[in-house]
Amino acid sequence: MTLRSLYTKVTETLEKAGAQTPAFEAIWLIDAVFPFDRLKLLAEGDREVEEDLCTKIQSLAQRRAQGEPLQYITGQWEFFGRKYYVGEGVLIPRDDTEVVLTCTFPYLDSIKNKAELKILDLCSGSGIIAISLKKRYESAQVTAVELSDKALPYLKKNAKENKADINIIHADIFDCVADFSDGEFDLIISNPPYVTDEDMKNLQSEVRFEPELALKGGKDGCDFYRRIVPLYAPKLKQGGMLAFEYDSSQAEIIEALMRNAGFENITVFDDIGGVHRAINGTLV
Ligand code: GLN
């Protein structure tokens, strides 16, 4: 079958299944098995795709048609210009998370002695935050903590493949806090589970494939912030920054938690959809 006919066929399968962006997804599914220049689909349309590869691609399209997230099927996704391996048991990188990452840059850029920079990423998942920070601040010492047995191999592989020399700790963030010294970090950053119990009941069908452990944040979604803020604030240096991803409805609760723990310059940042998605503040 030609690449063009395969593309049309896969697009139709996805369209029938109600995918919102069938043509876009068809390209990614084909590319996962038969890599081609995505920008030259039309020019390369006459290329012949072997029968066994077509069968394989069509079976991937069937999985997608049954609701499995595209990223689990292709096994990888991009975040902030780098490739990350993902699969069942690890949260899929979302563009939203760029907000919490980039909101820390002005502060980190302002630190003179980068060689002494120490960063802690809690609930690291696939490692997108810790790895992106390590790549930007190469002399920094970056530590990533992740509890999930399933996510851990992805975190390790992503650090290795992206050549990011980070410390990885396989632990519950609430158990390993004593491993860190008081006043140790310049930045503590986290995208913890923050979906409310109510929203957990109405998750988008793709999100149901993702690990509950990475999503479920309790009744109001704030269980993790309530525990992280008082527990980890002492681990920051004076003037150090705490940064969280969160859901816009949680802004006031988290801001109050941070204020009560002695944070100042508390600022919220919006995602491209125009809703509050990240918050940071510095410890006085
Ligand atoms: N942004 C994710 C969602 O709404 C939630 C991620 C998280 O809980 N950290 O599906």
Write down the radius of gyration of segment 47-143 and its Dmax, each obtained from C-alpha positions, in Å.
18.2, 58
Using only helices, what value at 222 nm comes out for the chain when you add -39,500 (n - 2.57) per DSSP H run of length 4 or more and divide by the total residues, to the nearest 500 deg cm²/dmol?
-10500 deg cm²/dmol
When the Kirkwood radius is taken over all Cα pairs of segment 104-175, what Stokes-Einstein diffusion coefficient follows at 25 °C and 0.890 mPa s, in µm²/s?
199 µm²/s
GluC sites (Glu not before Pro) restricted to DSSP loop in segment 16-112 with at most 12 other C-beta within 10 Å:
Glu50, Glu88
Project the alpha carbons of segment 126-227 onto their principal axes and report the range along each, largest first, in whole Å.
43, 32, 23
With Cα coordinates, the longest principal axis of the chain makes an angle with the long axis of helix 251-260, in degrees rounded to 10, of 30 degrees
Rounded to the nearest 5, what is the percent of antiparallel bridges among the DSSP beta bridges in the chain?
45 percent
Amide proton proximity set for Ala243, modelled H, under 5 Å, gap of 5+
Ile188, Ile189, Ser190
What is the dipole size for the chain, taken about its Cα centre, with +1 at each Lys and Arg Cβ and -1 at each Asp and Glu Cβ, in debye to the nearest 20?
480 debye
Percentage of Cα-Cα pair distances in the chain greater than 33 Å, rounded to whole percent?
28 percent
Residues Val90, Val195, Val33 in order from fewest to most other beta-carbon atoms within 10 Å are Val33, Val195, Val90
Taking the chain as a Gaussian network, Cα atoms linked when under 10 Å apart, which of Gly81, Gly183, Gly127 shows the biggest mean-square fluctuation?
Gly81
Using 0.36 nm per residue, how much length does the chain from Gln20 to Thr55 gain when fully extended, once their Cα-Cα distance is taken away?
10.3 nm
Express in whole angstrom the spacing between the alpha-carbon centres of segment 75-125 and segment 1-26.
32 Å
Shape category assigned to segment 210-284 from the gyration tensor of Cα positions, a/c cut at 1.5:
oblate
Determine the relative contact order of segment 163-284: mean sequence separation of Cα pairs under 8 Å and six or more apart, normalised by residue count, in whole percent.
27 percent
If I build a Gaussian network model for the chain, linking alpha-carbon pairs within less than 10 angstrom, which residue out of Leu91, Leu257, Leu133 has the largest mean-square fluctuation?
Leu257
Relative contact order of the chain, defined on C-alpha pairs under 8 angstrom at six or more residues apart (%):
15 percent
Counting only C-alpha contacts under 8 Å and six or more residues apart, can you give the relative contact order of segment 1-118 as a whole percent?
22 percent
How are the C-alpha pair distances of segment 1-84 spread across 10 Å bins, as whole percents from the shortest bin up?
18, 53, 27, 1
May I ask you to sort Lys118, Lys83, Lys237 by Cβ crowding, counting other Cβ atoms within 10 Å and putting the fewest first?
Lys83, Lys237, Lys118
How far is helix 51-65 tilted, in degrees, relative to the longest principal axis of the Cα atoms in the chain, given as a value from 0 to 90 rounded to the nearest 10?
50 degrees
Sorted from fewest to most neighbouring beta carbons within 10 Å, what does the list Cys176, Cys222 look like?
Cys176, Cys222
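Values in this text are rule-based calculations from the coordinates and carry no lab data. This is a predicted model, so every value here is computed, not measured. Cβ coordinates were reconstructed from backbone atoms using ideal geometry, including for glycine residues, and neighbour counts include every protein chain displayed.
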